[in-house]
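> Quick one: the structure is below, and I'll ask about it shortly.
The values are calculated or read from the model by the stated rules, or taken from the named source; none is laboratory data. Source: prediction; values computed, not measured. Cβ placement follows ideal geometry from the backbone for every residue including glycine, while neighbour counts extend to all protein chains displayed. These area figures cover heavy atoms from the full protein model, side chains too; ligands, DNA and RNA do not enter into them. Shrake-Rupley method; radii C 1.70, N 1.55, O 1.52, S 1.80 Å.
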Amino acid sequence: TLADPVFPLPATTIATTVPPPTTVPPASLSLVTPWVDGTEVPDRHTCAGAGVSPALTWENVPADAVELAVTVVDLDAEQFVHWIVYAIPVTATGLVEGQVPDGAFEWENSSGSPGWLELCAPAGETHRYHFTVHALNQQLEVADDASATEVLSILNATSIDLMSIVGLSTGVG
């Protein structure tokens, strides 16, 4: 037999779950160049001009980054490396045109010389140049005889965040 209901009804506890506080993910690493992504790099940075390295700025470096690096690769010339700068302090916010920050180093580019190699696409061809800032989870350590493409592979493997901008350059001649 069923028992008669009791009035007033007994108090009950209702379990409620409070959603965890929402956390905003940290902003991703960003990169700013003197040109808009996917447009022409000013002649000043090519063999048609002074051939100096461009000024680059970045922000939102991950808190756990150990050092920064910058690479420039010609996507239309079998990953030809134009520039590798590494050991950039995580407190740096960019590179000044034609300069490398104190404490940073330049690796050999694909032509075998250390430092910036101005962009110089063959006459009549437009090449895409990939400018990348890498936030690394460790200091770059490579063999003294490592090629530019080997160093690039190590940088890509140790990047905890990176951001790239493409610049175009058309060869003259």
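> Quick check on Ser153: is it in contact with a Leu (Cβ under 7 Å, 6 or more places away or on another chain), outside any strand (DSSP E or B) and of a type in the set (S, T, N, Q)?
The answer is no for Ser153.
> Answer yes or no: is there a residue in segment 113-132 that is open to solvent by 60 Å² or more (accessible area, probe 1.4 Å), polar (S, T, N, Q) and in a loop (DSSP other than H, G, I, E, B).
Looking through segment 113-132, none of the residues is open to solvent by 60 Å² or more (accessible area, probe 1.4 Å), polar (S, T, N, Q) and in a loop (DSSP other than H, G, I, E, B).
> Any residue at all in segment 55-74 that is surrounded by fewer than 17 Cβ atoms within 10 Å (Cβ to Cβ) and in contact with a Cys (Cβ under 7 Å, 6 or more places away or on another chain)?
No, because not a single residue in segment 55-74 is surrounded by fewer than 17 Cβ atoms within 10 Å (Cβ to Cβ) and in contact with a Cys (Cβ under 7 Å, 6 or more places away or on another chain).
> With a cut-off of at least 2 residues that are closer than 24 Å to Ser147 by Cα, name the strands (runs of 3 or more DSSP E) lying wholly within segment 23-91.
67-74, 80-88
> Next question, about the same structure. Would you pick out the residues in segment 94-112 that are touching a strand residue (DSSP E or B) at 6+ places or on another chain (Cβ under 7 Å) and open to solvent by 40 Å² or more (accessible area, probe 1.4 Å)?
Val100, Gly103, Phe105, Glu106, Glu108, Ser110
> Still on this structure: Keeping to segment 133-150, report how many residues are part of a loop (DSSP other than H, G, I, E, B) and within 19 Å of the chain's Cα centre (by Cα).
5
> Please go through segment 122-145 and give me each residue that is hydrophobic (A, V, I, L, M, F, W, C) and at pLDDT below 95, ordered by number.
Hits for segment 122-145 are Ala123, Leu140, Val142, Ala143.
> If you don't mind, another one. I'm trying to understand the selection: among the residues of segment 28-54, which are open to solvent by less than 40 Å² (accessible area, probe 1.4 Å) and polar (S, T, N, Q)?
Listed by number, the residues that qualify are Ser30, Thr33, Thr46, Ser53.
> What number of residues in segment 75-93 are open to solvent by less than 30 Å² (accessible area, probe 1.4 Å) and in contact (Cβ under 8 Å) with a residue 40 or more places away in the chain?
4
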